[in-house]
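To start, the structure under review is shown below, and the notes come after it.
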């Protein structure tokens, strides 16, 4: 009888102990989870009206969503969940094409080059639609400075 009571008490304590919360002095490392297309401002400023689908794909990459019901629209989505804080950052960018598969406008929370803004400063996470037809044909995107890669830096250190 004593052995049965002892076994049931041990079983009950172990079951209740498994359900309790134990503070941990060391927390586990949680990684950042990144999904979708990373669109940089310099990529978006290269968009011009009249670009073909292949040219847009070369500049921005393959879209996340090419819907068969909206064949003239490509959606680029981005989601980043920070592992340390759990904070989620989401961005959406869409490109629209005409019947000849030429780029006519873009929309999203990444801004394109405006006719009045040649410097193309990045904006906050506000959704906006940009008609690329309002950009004059002669307007050029600001030059992108490329820094040398690993081997270029090594050659500079050597003096070549």
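Annotations
- Restricted to region 41-73, and to residues there that are modelled with pLDDT under 85 and loosely packed, with under 12 Cβ neighbours inside 10 Å, the residue that is nearest to the chain's Cα centre (by Cα) is 67.
- In region 77-101, the residues that are surrounded by fewer than 12 Cβ atoms within 10 Å (Cβ to Cβ) form Cβ pairs under 7 Å with partners that are part of a loop (DSSP other than H, G, I, E, B), at six or more places apart or across chains, as follows: 84/30.
- Qualifying residue in region 22-30 (condition: farther than 30 Å from residue 104 by Cα and within 20 Å of the chain's Cα centre (by Cα)): yes
- Out of 26, 31, sole residue that is at pLDDT 85 or above and loosely packed, with under 10 Cβ neighbours inside 10 Å: 31
The values are calculated or read from the model by the stated rules, or taken from the named source; none is laboratory data. Everything numeric in this text was worked out from a predicted model, so none of it was measured. Using ideal geometry, Cβ is built from the backbone for each residue, glycine included, and neighbour counts are taken over all protein chains shown.
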